[in-house]
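Q: First, the structure itself, so that you have it in front of you.
Values in this text are rule-based calculations from the coordinates and carry no lab data. All of these numbers come straight from a predicted model, not from anything done at the bench. Positions of Cβ are generated from backbone atoms using ideal geometry, with glycine treated the same way; all protein chains shown enter the neighbour counts.
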Amino acid sequence: MCSKRPDIVIAETDPPLLGVLGALLKWRWNCRLVYNVRDLYPDIAIANGALKNRFLLGLLERANRLSYRSADCIIVLGEDMRQRLLAKGVAPEKLALVPDWVDCESIRPMTSSRFRSQFGQSFVVMYSGNLGLSQQLETVLDAAALLRDESAIRFALVGEGARKQWLVDRARQLGLRNVDFLPYRPREELAESLSAGDLHLVPLFPGAAGCVVPSKIYGILAAGRPFVAIMEDSAEIARLARENSVGFVVQPGDADGLARTIRQAAAEPAELAAMGVRARQLAEQRFDRNIATRKFAEVLSSLMNGELPPRAQPHFSASTGSL
């Protein structure tokens, strides 16, 4: 069955070679191509050590350069990701920043719930998400060890993943009675579980700034909760925390700094509550689904009209030539 020739092909970065298929379809149909970059390859594979084969790394690099050259517009999730692409020689006028989004109707702040009640009056430091290879959660356990004698502070690691059993075993070896491992909550209970944390943790492994923007941050903001960005200063979420006073920034691997930050946050409930209010306002004003999807639609509309993508930054210059 033949399908109608499209005006625009949209390709994402997962799986990593999907951009090449988008380039081929653009050539086949003589249409426009939007490359929606969710993860930057091969940069992210290098940063987390998931791929070390030089041939495959080179293949990913060449494939993505082809995708960048072929794309009429490249959508990125943050300024750090845009800067990485500029450094690769991508023409700045191709780039449009459209962040991820959250449904602020389905995720709202909750002051109490059955999920929260299990922690009693404790100050709950929460990580919610994949307990996998890339999250650097050993730093969180090291910080929990430093705070083991502060009975008012509890850590909740909510989720599943390839490293969960390793983390459970490590916590047991360290004798951490202040750490709870809890299963994923159903999507319809996400507001309840996210609201149960007094302070959330958003870790990013070293070297990953600009390769990925963890999407968990948007649910945390919608739940009206402050967070600690455990990542490099240049990362998008670290910048978000600083510029909007909705969180703290700690360098990757700095367990001492993380423990100090948690202790400080627990001691200042009024300031923490104010951060939560600002977090919810930020979600509503910038990251609500209706706002972000409208930005995405603006990009497509501009492309169809032969205009530059909205919020492209032509005053930035790449460090090398243009693709």
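Q: Residues of the range 269-284 being touching a helix residue (DSSP H, G or I) at 6+ places or on another chain (Cβ under 9 Å), among the aliphatic types (A, V, I, L, M) and farther than 12 Å from LEU199 by Cβ, which ones?
A: LEU282, ALA283 - these are the residues of the range 269-284 that are touching a helix residue (DSSP H, G or I) at 6+ places or on another chain (Cβ under 9 Å), among the aliphatic types (A, V, I, L, M) and farther than 12 Å from LEU199 by Cβ.
Q: Quick check on the range 115-133: of everything there that is in contact (Cβ under 8 Å) with a residue 60 or more places away in the chain and not in a loop (DSSP other than H, G, I, E, B), which residue is farthest from LEU258 (Cα to Cα)?
A: Of everything passing the filter in the range 115-133, PHE115 is farthest from LEU258 (Cα to Cα).
Q: Moving to a separate point now. Please specify each residue of the range 226-273 satisfying the condition of being touching a residue at least 24 places away in the same chain (Cβ under 8 Å), surrounded by fewer than 17 Cβ atoms within 10 Å (Cβ to Cβ) and among the small types (Gly, Ala, Ser).
A: Across the range 226-273, the qualifying residues are SER234, SER245, GLY253.
Q: Give all pairs with beta carbons closer than 8 Å in which a residue from the range 7-22 that is without any contact (Cβ under 8 Å) to a residue 60 or more places away in the chain and more than 17 Å from LEU85 (Cα to Cα) meets a residue that is part of a loop (DSSP other than H, G, I, E, B) and of a type in the set (S, T, N, Q); count only pairs at least 6 apart in sequence or on separate chains.
A: none
Q: Based on this model, can you work out whether ARG170 counts as surrounded by 14 or more Cβ atoms within 10 Å (Cβ to Cβ), not in a strand (DSSP E or B) and not polar (S, T, N, Q)?
A: Yes, satisfied.
Q: Kindly establish whether PRO99 is of a type outside the set (A, V, I, L, M, F, W, C), buried (at least 18 other Cβ atoms within 10 Å of the Cβ) and either without any contact (Cβ under 8 Å) to a residue 60 or more places away in the chain or part of a loop (DSSP other than H, G, I, E, B) (or both).
A: yes
Q: Let me ask another. Take the residues in the range 290-304 that are surrounded by fewer than 15 Cβ atoms within 10 Å (Cβ to Cβ) and touching a residue at least 40 places away in the same chain (Cβ under 8 Å), then tell me which one is farthest from ASN36 (Cα to Cα).
A: MET304
Q: Return only the number of the condition from (1) assigned to a loop (DSSP other than H, G, I, E, B); (2) touching a strand residue (DSSP E or B) at 6+ places or on another chain (Cβ under 8 Å); (3) within 19 Å of VAL212 (Cβ to Cβ) that TYR68 does not satisfy.
A: Condition not satisfied by TYR68: (1).
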